[in-house]
Amino acid sequence: MITILSKIQTELKAPKGQFNKFGGYSYRSCEDITEAVKPLLEKYEAALTISDEIVQTANRIYVKATATLRTKSGEISATAYAREAETKKGMDEAQITGSASSYARKYALNGLFAIDDEKDADATNTHEKEPQGQNASKQTQSAPREPLSLEQINDLSHLIEITNTDTRQFLAAFKTSDIKNVPFDKAKALLMKKLDKMNGVQNAS
């Protein structure tokens, strides 16, 4: 079982078929991964199933997604969680659940097939070298930052919701009290890293 999983992980090439025009980066969806893995499932006589379960913790609702790879020799599963946002602009309740399900399923597949999506958020960072010295520090502090767009705010707000992040502490880390003033690339990379750590692989005997 482990041998087949290892081969699929090595051979799987899941393209980033989606583009986030607000963050300016390409990313892969759950559908991109499942389409890419189908030929390998046939090759190694394996089956992939993905299921959802609604889990309540305290007063919040989470979608727990489980991706299971089955072969003649056994099965192995990976699970991931996404918290439903209380509200999301332009979405009804069913769409909010669907959005959380898509997040959870994608990260369950990431865990199962050892796909690292942390690069996706980091790729939006220009990684420009910061100028050295006190004068440079003053220039950096005085340089105005353009407020985030509504779409960027919604993007970060959704990640804050599904990662159960304390908003006050999050904003304090960027020395601001208003989400529109945070650096989008760094903020999203931080939240995506936290989301990755929330998800893990569970082996089934």
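On a full-extension model of 0.36 nm per residue, what is the gain between GLU45 and GLU146, subtracting their alpha-carbon distance, rounded to one decimal in nm? Don't skip to the end; give the middle numbers.
Numbers: separation 101, 0.36 × 101 = 36.36 nm, distance 5.25 nm.
Fully extending the segment from GLU45 to GLU146 adds 31.1 nm.
³J(HN,Hα) across the stretch 97-114 via Karplus (A = 6.51, B = -1.76, C = 1.60, θ = phi - 60°), whole Hz, x for Gly/Pro?
Residue by residue, the stretch 97-114 yields 5, x, 5, 5, 4, 4, 4, 5, 5, 4, 6, 5, 5, 4, x, 5, 9, 6 Hz.
Take peptides 2-15, 165-178, 29-42, 185-198 and line them up by average Cβ neighbours within 10 Å, highest first, as a rough protection proxy. Don't jump to the answer; show the numbers that get you there.
Working: 2-15: 13.9, 165-178: 12.2, 29-42: 16.4, 185-198: 17.9.
Highest to lowest by the protection proxy: 185-198, 29-42, 2-15, 165-178.
Sorted from fewest to most neighbouring beta carbons within 10 Å, what does the list SER102, SER149 look like? Display every interim value, and only then the final one.
Numbers: SER102 16, SER149 12.
Placing the least packed residue first, the sequence is SER149, SER102.
So, in nm, how far is label ARG60 from label ILE115 when the simple model puts each one 7 Å beyond its Cα toward the Cβ?
Label at ARG60, label at ILE115, 2.5 nm between them.
Would you mind counting up the charge near PRO15? Only other residues with Cβ under 12 Å from its Cβ, with Lys and Arg at +1 and Asp and Glu at -1. Don't skip to the end; give the middle numbers.
On the way: positive: LYS13, LYS16, ARG28; negative: GLU31, ASP32, GLU35.
Its environment carries a net charge of 0.
Read-outs: derived from the displayed coordinates by stated rules, not from any lab. A quick note: this is a predicted structure, and the numbers were derived from the prediction, not measured. All Cβ positions, glycine included, derive from the backbone under ideal geometry; neighbour counts span all protein chains shown.
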